[in-house]
1. Identify which of A:246, A:162, A:295 has the largest mean-square fluctuation in a Gaussian network model of chain A, with springs joining Cα atoms closer than 10 Å.
2. Give me the percent relative contact order of the range A:226-292, please, defined on Cα pairs under 8 angstrom at least 6 residues apart.
3. Out of A:144, A:128, A:317, any idea which swings most in a Gaussian network model of chain A, alpha carbons joined below 10 Å?
4. Who wins for biggest fluctuation among A:98, A:310, A:87 in a Gaussian network model of chain A, springs between alpha carbons below 10 Å?
5. Compute the relative contact order of chain A as a whole-number percentage, counting only Cα pairs closer than 8 Å that sit 6 or more residues apart in sequence.
6. What three numbers, in Å, describe the spread of the alpha carbons of the protein assembly as shown along their principal axes, ordered from the longest?
7. Can you show me the helix-derived [θ] at 222 nm for the protein assembly as shown, built from DSSP H runs with n ≥ 4 at -39,500 (n - 2.57) apiece and divided by the number of residues, rounded to the nearest 500.
8. List the residues of the range A:80-103 whose backbone N lies under 16 Å from a point placed 7 Å from the Cα of residue A:334 along the Cα-to-Cβ direction.
């Protein structure tokens with residue numbers, strides 16, 4: 001296997017409105033030429049050492065990059081797909097040397113596990129599930145949750161991996177009888193799982209028993225809200241939502257993210273904090289990621305915006321670089337880095 | 001946020017809802 005290496009970053013931190021907050025660390029150029037769709041960061045064990053690696057996904061190739069030094073990356077493995085393109089990378093926390101991907105055209109048709117042979121010399125892929133899959137999320141303790149089918153035939157399934165990625169166990173959660181669009185774990189309540197549904201409800205499951213505990217309506221102000229993060233504190237659920245369908249024309253600017261609080265006992269909820277763009281900036285939420293108390297979003301304008309959820313305001317804006325709009329953004333799970341991607345395959349790694 | 005907006009709050013909501021929900 002001939003090693004493919006990235007170029008060292010030679011660009012300044014560009015004309016971000018808060019240039020001190022984002023420092024460009026390195027840049028990966030995916031040479032495959034096909035459209036870039038996602039990025040993720042995870043630890044991978046290489047020659048007995050756990051390395052903080054980057055996974056990139058193009059339409060038909062997923063690649064694992066290992067760090068050579070702080071500024072360069074070497075491609076270690078590539079998994080190829082011939083029939084169905086990749087839609088998203090699905091990292092599974094607490095599993096070593098395994099990552100999942102969702103494949104499909106507009107909707108997910110397959111979920112596959114990507115791993116390598118025990119001698120580390122060959123890439124392997126295993127089909128985990130197929131069908132009309134609506135949502136998937138990797139959970140702590142080596143679990144993967146997915147929902148498939150619609151209404152009465154909907155199945156919500158938890159798959160548990162062994163430490164080496166093998167021996168999968170399956171368990172089903174009770175269906176809420178409305179299509180589940182997204183999942184989120186609940187910080188502070190590891191046995192709870194949240195889902196958002198097509199009817200603007202948030203549902204809560206007990207992951208141990210599979211029970212559906214509650215269905216909570218969160219209002220019709222914003223359709224198709226996506227739940228990114230949930231915290232359980234003092235008997236309440238704090239939920240970070242994004243609003244891809246919010247109108248841009250609201251007088252105070254439409255919220256890109258919003259923090260709401262729900263009392264799970266009564267299902268009553270109130271908005272705590274809207275996270276809007278600074279004045280003069282326009283755009284709707286296109287794609288984003290929340291980690292700890294930081295939220296990052298790619299906007300329809302092609303700019304990336306970052307909010308400190310505790311401070312309550314936008315802390316950094318990253319306009320398109322080299323006239324290329326941003327198309328996806330992820331927080332690195334392994335350090336305090338932001339991974340920003342463009343459709344042409346360029347991935348920029350920023351320290352935040 | 002207060003109980004006027006959200007109703008009575010229980011610190012054991014998860015356990016209580018698990019007892020109330022169908023198995």
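Laboratory data are not the source of any read-out in this text; all were calculated from the coordinates shown. Because the structure is predicted, anything quoted here is derived from the model rather than measured. Glycine also receives a Cβ, built like all others from the backbone with ideal geometry; neighbour counts cover every protein chain displayed.
1. Looking only at A:246, A:162, A:295, the biggest GNM fluctuation is shown by A:162.
2. Working: 122 pairs, mean separation 20.1, N = 67.
Reported relative contact order: 30 percent.
3. Most flexible of the set in this elastic network: A:128.
4. Greatest mean-square fluctuation among the candidates belongs to A:310.
5. On the way: 937 pairs, mean separation 49.5, N = 352.
Taking the mean separation of contacting Cα pairs over the length of chain A, I get 14 percent.
6. Principal-axis extents of the Cα atoms in the protein assembly as shown, largest first: 62, 52, 34 Å.
7. Numbers: 2 runs with 12 residues, N = 375.
That calculation yields -500 deg cm²/dmol at 222 nm.
8. A:90-100
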